[in-house]
């Protein structure tokens, strides 16, 4: 007897839709439902953010770093995550969390970090550990407003790590709450890796990854750190620069000397330091050290084309930053494709009414190096030290001895305290990156910006090296968030957008 296939086909389709409820999820519909939930719960979201930002989070502050980790665990467990701390000796805990989705075949692992840069509270307009809302940037006269609705989306929350990098934790928990309220399931298994020492260079990350390789498998690592494009358009980035650094100390006499009695005779270490740095770096930022660029891989035509298609922001950035002209004639996205040597600070003697008419004993510059593919910290250390020797200096790594002072006219001490790490750049045609871009594109009238690299540094190369998973970066902070500096902040609209984007990606990828 033959059976009509129509009812059987209908039943099969119904069964498949039950097994994979989000297979046909619409990113725009998800975002609209999440937006409605967010608008009704903005006070709760801001309160959660404020509570997390109140906990000091400098990586060297062991007690408060663990308080941060405990607080994040308390945020994640009620939202269906199994949470554990990945501890290794001498390191803050990495917070690992996992939440499985019924029927999901793929796994996304979101990376963020919960530690922050050190602060000098005297530099801030308000206490960096007491979050406040302002109606604009401090530099433009932003005034404190109440921490209560209605919230203007242009208002900014000021505190250390508001922009770098606690916001993804709050955006994600809010997105999950909104999806739960709407009865929408995730389309992927979700894992989180929250680093507790990224701002200290993640010196224990390799050890943590190797010891927990089995836990950390994923089809994609999505890094949620850094700023959106300067045009305020969202961007998906394929890589970051690497970093390392050192202190360079040039030595003079073994005690301060009267500049009237000994000026023009005793070597001045400040002058010599400035001369030495001038042999390393040209006025336009180009690095002049022989062999420094030997490992550099040039950008591909596809990467250059991606930059050319992005909005050019140089003129507006000049006005915003109050600079007459940039160092380089290249647009900013091209400039950050090159290696960089940055003078982070110089110290010797005093200025103003504290200045003394004396020749100092030494002068020190703190120098940061930003790496591009495929430079390595070890190679750069070798070329930098060889360059200093070529300028007539004895290179030492400890305080020079009396015998060394007597035997050498020029002595330079190089302290390489930062181990550093290489750059990372995924191919522009990475399929999973295209999938993420397509989801985000569906949410906005303006197309997502795709770029080969950000200017900042993250230890991404380790992820691919240890786990084999591809990595892309979906940053959420406003470009003018003052990360690493005084008056760090997050624009509320960036937080609201992030909630919708996370929800759309995690239900459609």
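Cβ contacts < 6 Å: first residue without any contact (Cβ under 8 Å) to a residue 60 or more places away in the chain, restricted to the stretch 311-325; second residue part of a loop (DSSP other than H, G, I, E, B) and surrounded by 15 or more Cβ atoms within 10 Å (Cβ to Cβ), any location; separation 6+ or different chain. Result? From residues that are without any contact (Cβ under 8 Å) to a residue 60 or more places away in the chain, the pairs are 312/331; 314/331. Criterion applied to 413, 417 was being within 30 Å of residue 248 (Cβ to Cβ), modelled with pLDDT under 95 and in the same structural domain as residue 379 (by TED's automatic domain parsing), and the one residue passing it is 417. Residue pairs whose Cβ atoms lie under 6 Å apart, sitting 6 or more positions apart in sequence or on different chains, and linking a residue in the stretch 26-51 that is under 20 Å from residue 114 (Cβ atoms) to a partner that is at pLDDT 95 or above, are 45/174; 48/170; 49/170; 50/131. Taking the criterion of being surrounded by fewer than 16 Cβ atoms within 10 Å (Cβ to Cβ), at negative phi, modelled with pLDDT of 95 or more and not in a loop (DSSP other than H, G, I, E, B), would at least one residue in the stretch 373-384 satisfy it? Scanning the stretch 373-384, I find at least one residue that is surrounded by fewer than 16 Cβ atoms within 10 Å (Cβ to Cβ), at negative phi, modelled with pLDDT of 95 or more and not in a loop (DSSP other than H, G, I, E, B), so the answer is yes.
Among the residues here, residue 273 does not qualify as loosely packed, with under 14 Cβ neighbours inside 10 Å and over 30 Å from residue 446 (Cβ atoms).
Return yes when residue 327 is part of a helix (DSSP H, G or I) and either under 31 Å from the mean Cα position of the chain (by Cα) or exposed (fewer than 12 other Cβ atoms within 10 Å of the Cβ) (or both) and no when it is not. Explain how you work it out, then say what you get.
On the way: part of a helix (DSSP H, G or I): no; either under 31 Å from the mean Cα position of the chain (by Cα) or exposed (fewer than 12 other Cβ atoms within 10 Å of the Cβ) (or both): yes.
Against the criterion (part of a helix (DSSP H, G or I) and either under 31 Å from the mean Cα position of the chain (by Cα) or exposed (fewer than 12 other Cβ atoms within 10 Å of the Cβ) (or both)), residue 327 does not qualify.
Hey, can you tell me all the residues within the stretch 276-292 that are touching a strand residue (DSSP E or B) at 6+ places or on another chain (Cβ under 7 Å) and surrounded by 14 or more Cβ atoms within 10 Å (Cβ to Cβ)?
Going residue by residue through the stretch 276-292, those that are touching a strand residue (DSSP E or B) at 6+ places or on another chain (Cβ under 7 Å) are 276-277, 280-281, 285, 287-288.
Result: 276, 277, 280, 281, 285, 287.
Checking each residue in the stretch 442-457 for being more than 15 Å from residue 236 (Cα to Cα) and either at pLDDT 90 or above or surrounded by 20 or more Cβ atoms within 10 Å (Cβ to Cβ) (or both) picks out only 457.
Taking the condition of being farther than 16 Å from residue 234 by Cα and out of contact with any strand residue (DSSP E or B) (no Cβ under 7 Å at 6 or more places or on another chain), how many residues in the stretch 431-441 meet it? Step through it out loud before you land on a result.
First, pick out the residues of the stretch 431-441 that are farther than 16 Å from residue 234 by Cα: 431-432.
If we keep only those that are out of contact with any strand residue (DSSP E or B) (no Cβ under 7 Å at 6 or more places or on another chain) too, we end up with 431.
Qualifying residue count for the region: 1.
The values are calculated or read from the model by the stated rules, or taken from the named source; none is laboratory data. Note that the structure is a prediction, hence the values are computed from the model and not measured. As a convention, Cβ positions derive from the backbone with ideal geometry for all residues, glycine included, and neighbour counts pool all protein chains shown.
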